[in-house]
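Asker: First, the structure itself, so that you have it in front of you.
The values are calculated or read from the model by the stated rules, or taken from the named source; none is laboratory data. The structure displayed is predicted, hence computed values, not measured ones. No Cβ is skipped: glycine too gets one built from the backbone with ideal geometry, and neighbour counts run over all protein chains shown. Note: accessible area is taken over every heavy atom of the protein model, side chains too, but ligands, DNA and RNA are not part of it. Shrake-Rupley method; radii C 1.70, N 1.55, O 1.52, S 1.80 Å.
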Amino acid sequence: MAQIIDGKLVSKKILENLSDEILFLEKKPSLTVIIVGEDPASKIYVNLKKKKAQELGIHSNVIEMPESVSQKELLDKIEELNNDDSVNAVLVQLPLPKHIDTKAVIEKINPIKDVDCFHPYNMGQIATNGKPYVYPCTPKGIIRLLEYYDIPIEGKNAVVIGRSNIVGRPVAQMLLNQNATVTICHSKTKNLDAIVKNADIIISAVGQKNLIKADMVKDGAVVIDVGMNRADDGKLCGDVDFYNVEKKAAFITPVPGGVGPMTICSLMQNTFDLYKIQNGS
Ligand code: GUN
């Protein structure tokens, strides 16, 4: 039976330390989130981020813009936040409405306030094994979980399923930077089963329930599940057939309670880190 990787516990410990550090600051770190439109999932995520920030003493501000907002209005708002010294971190919740050019919006954020690490400057730093201002939240959370459980990365076969800019690509590059042998799989990959079977570390970030089944998993593999899906009974579930894979893996993350809490934890840590960078410490 696998050891459960407890993201709730690890994130709680990290956030307790962060809260202590913030307590002693005279001026608090600040995070501004822009949300456009009425997407229900986005609203839930943004509220969670705001609540967590407030709990930690991070000053948080949510700017709500209507679905009909123009590209220019959105870019002007980002410009205003870039120029506002009281704002340390800027996050534009994705997805954006179809008439907005998401790439242009991301590229407008000053890289030193880019708390998601979505800007090409910061992504490029990761791609070239350089130094972004901060690392992207979910990949950073995954690496911290591996570190916490003393799971070695160097020399291991890591298979990442999913090539999104938010998770798949950056986590693959971060594992490569730590000397893993990395394979990225996606919807056009042939022979997914055989490739996954060779993995010491499996990271699934697809959004398809029961994608990773027990017969695809090598005995003793480390299984990280980034999926967020609804099971037939309405409960939250990941990409991995947890019940059966748990019997073969050495380590496994549950959904919920694995990677999810680490993502929001990284966001808080990143806000604090940007505050420190901007204040010269
Ligand atoms: N939408 C889904 N995940 C994320 C995220 O990590 N950051 C932002 N800005 N939007 C998202």
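Asker: Taking the full set of protein chains and a 1.4 angstrom probe, give the accessible area of residue 215 in square angstrom, rounded to the nearest 10.
Answerer: Accessible area, nearest 10 Å²: 110 Å².
Asker: Using a 1.4 angstrom probe and counting only protein chains, how large is the accessible area of residue 55 in Å², to 10?
Answerer: Estimated to the nearest 10 Å², residue 55 gives 110 Å².
Asker: For each pair in 49/247; 98/213; 12/209; 50/188; 72/235, compute the distance between the two Cα atoms and list the pairs where it is over 32 Å. Provide the component values of the computation, followed by the final result.
Answerer: Values: 49/247 34 Å; 98/213 35 Å; 12/209 27 Å; 50/188 37 Å; 72/235 40 Å.
Cα-Cα > 32 Å for 49/247; 98/213; 50/188; 72/235; rest within.
Asker: For the chain, which longest stretch is free of loop sites, where a loop site is one of the chymotrypsin sites (Phe, Trp or Tyr not before Pro) that DSSP puts outside H, G, I, E and B and that has at most 16 other Cβ atoms within 10 Å?
Answerer: Working: sites that count: 24, 149.
Counting at most 16 other Cβ atoms within 10 Å as exposed, the longest clean stretch of the chain is 150-281.
Asker: Which number do you get for Rg(Cα) / (2.2 N^0.38 Å) in the chain? Don't skip to the answer; put the middle values down first.
Answerer: On the way: Rg = 18.9 Å, N = 281, 2.2 N^0.38 = 18.7 Å.
For the chain, the normalised Cα radius of gyration comes out at 1.01.
Asker: Within the stretch 146-171, name every residue whose backbone N is under 19 Å away from a label modeled 7 Å from Cα of residue 219 along the Cβ vector.
Answerer: Residues 157 qualify, since their backbone N sits under 19 Å from the label point.
Asker: Per-residue ellipticity at 222 nm for the chain, helices alone: DSSP H runs ≥ 4 residues times -39500 (n - 2.57), over residue total, nearest 500 deg cm²/dmol?
Answerer: Working: 10 runs with 113 residues, N = 281.
One gets -12500 deg cm²/dmol as the mean residue ellipticity at 222 nm.
Asker: Between residue 229 and residue 148, what is the FRET efficiency for a Förster distance of 25 Å, r being their Cβ-Cβ separation, to the nearest 0.05? Intermediate results must be reported in sequence, preceding the final value.
Answerer: Details: r = 25 Å, r/R0 = 1.01.
For R0 = 25 Å, the calculated efficiency reads 0.50.
Asker: Ok, one more. Between residue 24 and residue 1, what is the label-point separation in nm under the 7 Å Cα-to-beta-carbon projection?
Answerer: It works out to 4.2 nm between the two label points.
Asker: Among 60, 118, 159, whose Cα projects farthest towards the positive end of the dipole of the chain, with charges put on the beta-carbon of Lys, Arg (+1) and Asp, Glu (-1)?
Answerer: Farthest towards the positive end: 159.
Asker: With label points built 7 Å along Cα→Cβ from the Cα atoms of residue 244 and residue 70, find their separation and express it in nm.
Answerer: 5.5 nm
Asker: Fully extended, how many nm does the chain gain between residue 13 and residue 236 (0.36 nm per residue separation, minus their Cα-Cα distance)?
Answerer: Value of the extension gain: 77.9 nm.
Asker: Only loop residues by DSSP count here, and only those with at most 14 other Cβ atoms within 10 Å; note down the GluC sites (Glu not before Pro) in the stretch 1-37 that meet that. Could you put the intermediate results ahead of the total?
Answerer: Numbers: sites: 16, 21, 26; in loops: 26.
Taking the stretch 1-37 and a limit of 14 other Cβ atoms within 10 Å, the loop GluC sites (Glu not before Pro) found are 26.
Asker: Roughly how big is the chain's charge dipole about its Cα centre, with Cβ charges of +1 (Lys, Arg) and -1 (Asp, Glu), in debye to the nearest 20? It would help to have the intermediate numbers written out before the result.
Answerer: Working: 33 positive and 34 negative charges, 101 e Å.
Here the size comes out at about 480 debye.
Asker: Show 276, 12, 113 ordered by accessible area, largest first, where the area counts protein heavy atoms only and the probe is 1.4 Å. Spell out each step's value before the answer.
Answerer: On the way: 276 65, 12 125, 113 10 Å².
Descending order: 12, 276, 113.
Asker: Run the numbers for residue 121 and residue 43: contour at 0.36 nm per residue of separation, minus the present Cα-Cα distance, in nm.
Answerer: Values: separation 78, 0.36 × 78 = 28.08 nm, distance 2.79 nm.
Taking residue 121 through residue 43 to full extension adds about 25.3 nm, to one decimal.
Asker: Using Cα positions and a limit of under 15 Å, work out the aspartates and glutamates in reach of residue 140, with same-chain residues fewer than 8 apart set aside.
Answerer: Cross-link targets: 114, 116, 225, 273.
Asker: Here's a follow-up. Which whole-number percentage describes the relative contact order of the stretch 157-281, with Cα contacts under 8 Å and a sequence gap of 6 or more?
Answerer: Numbers: 221 pairs, mean separation 24.6, N = 125.
It rounds to 20 percent for the stretch 157-281.
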